[in-house]
Ligand code: FES
């Protein structure tokens with residue numbers, strides 16, 4: 001596994017560049033680059049982020065792994081060089097993608113990581129460069145990049161090169177403005193093939209749902225579909241939603257849109273606005289009350305009830321749960337009229353009040 005792929009040193013670089021140019025041409029010829037509403041800060045985070053990652057961060061991480069390996073574990077260099085190539089490739093990709101699933105999921109469930117990943121979800125349009133839109137530090141501590149360096153050190157350079165090419169194909173196509181699967185869903189006879197494909201690989205529809213603004217649209221799931229190359233992890237760990245549809249609204253709800261320097265350089269640069277979660281020392285306050293909220297609901301309307309107790313729009317979700325393990329509850333009103341929605345978040349009949357707040361009041 002230690003000889004270069006196709007006999008070309010660093011073969012993944014020209015191939016990945018080829019993939020990027022291919023998708024760039026698609027976006028140019030489809031007119032997308034004329035229509036885009038991206039601002040300077042968006043471009044710099046996406047294009048600049050890509051260049052810094054590819055030319056700097058990755059190389060520094062791999063060099064660091066080699067420095068540690070050669071100084072402390074020299075006996076393991078090339079330890080896997082004789083491994084069967086196909087086996088090495090599958091192992092490399094599965095471990096890589098499982099690591100990335102958990103890293104990505106953690107970036108939605110833990111506050112510090114969420115702030116490093118938040119920029120990725122601020123994009124209100126897809127486009128293949130969104131793939132590289134994260135804070136710089138997000139990549140520095142990304143386990144996959146350290147895994148890449150480790151496998152190369154162990155002698156798996158060929159598996160890594162091919163693995164990177166295959167993974168980029170899936171990841172970039174999942175972010176592209178021209179989702180290939182949208183076209184394929186129109187042909188019934190392709191259904192069995194797509195059904196198998198989407199149960200193994202990430203499709204654009206699967207990933208677009210992750211970028212959708214709100215679950216209220218019945219398509220999006222910003223707190224699910226975390227996979228990068230394979231959808232198997234989401235199915236295995238209960239976070240998969242397959243619906244083959246594309247949300248019309250992408251991005252974050254209630255996004256105060258800090259300056260791009262705070263998004264990209266967090267935690268080294270933070271937002272100046274003290275009400276922005278990217279500002280230094282920002283704390284999400286509890287907003288629960290020990291009284292239910294009496295709200296007029298409309299029959300057939302969908303609502304997101306806040307479960308995290310941090311929303312500024314109680315009893316409904318305003319996306320403040322990002323960076324925690326809590327998720328809102330989606331429900332549809334069965335009738336028009338006033339209902340008592342729980343606001344103490346202790347109800348066992350969510351979203352409705354079951355008088356749990358009375359017990360809480362007694363405990364105070
Ligand atoms: S703000 Fe979304 S669950 Fe609380």
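The values are calculated or read from the model by the stated rules, or taken from the named source; none is laboratory data. Because the structure is a prediction, the values reported are computed rather than measured. Note that each Cβ is placed from the backbone with ideal geometry, even for glycine, and that neighbours are counted across all protein chains shown.
Among the conditions (1) surrounded by fewer than 14 Cβ atoms within 10 Å (Cβ to Cβ); (2) within 16 Å of the ligand (Cβ to nearest atom), residue 289 misses just one, which is (1). Tell me the residue from 350, 300 that is outside any strand (DSSP E or B) and at positive phi, please. Only one candidate qualifies: 300. Scanning the range 3-42 for residues that are within 17 Å of residue 119 (Cβ to Cβ) and surrounded by 16 or more Cβ atoms within 10 Å (Cβ to Cβ) yields 38, 41, 42. Could you tell me whether any residue of the range 341-348 is within 16 Å of the ligand (Cβ to nearest atom) and touching a residue at least 60 places away in the same chain (Cβ under 8 Å)? No, the range 341-348 contains no residue that is within 16 Å of the ligand (Cβ to nearest atom) and touching a residue at least 60 places away in the same chain (Cβ under 8 Å).
Residues considered: 281, 337. Of these, the only one that is over 26 Å from residue 104 (Cβ atoms), more than 13 Å from the ligand (Cβ to nearest atom), surrounded by fewer than 20 Cβ atoms within 10 Å (Cβ to Cβ) and at pLDDT below 95 is 281. Can you tell me which residues in the range 316-334 are in a loop (DSSP other than H, G, I, E, B) and farther than 27 Å from residue 107 by Cβ? If the condition is that a residue be in a loop (DSSP other than H, G, I, E, B) and farther than 27 Å from residue 107 by Cβ, then 333, 334 are the ones that fit. For the range 320-329, taking the residues that are under 18 Å from residue 283 (Cα atoms) and surrounded by fewer than 20 Cβ atoms within 10 Å (Cβ to Cβ), the one that is nearest to the ligand (Cβ to nearest atom) is identified as 326. The number of residues in the range 302-319 being more than 8 Å from the ligand (Cβ to nearest atom) and surrounded by 22 or more Cβ atoms within 10 Å (Cβ to Cβ) comes to 1. Candidates 239, 177: the one that is closer than 23 Å to residue 19 by Cα and in a loop (DSSP other than H, G, I, E, B) is 177. Checking each residue in the range 262-278 for being surrounded by fewer than 16 Cβ atoms within 10 Å (Cβ to Cβ) and either assigned by TED's automatic domain parsing to the domain that holds residue 48 or more than 20 Å from the chain's Cα centre (by Cα) (or both) picks out 268, 272, 273, 274, 275. Of the residues making up the range 124-144, those that are modelled with pLDDT under 95 and assigned to a helix (DSSP H, G or I) are 128, 129, 130, 131, 132, 144.
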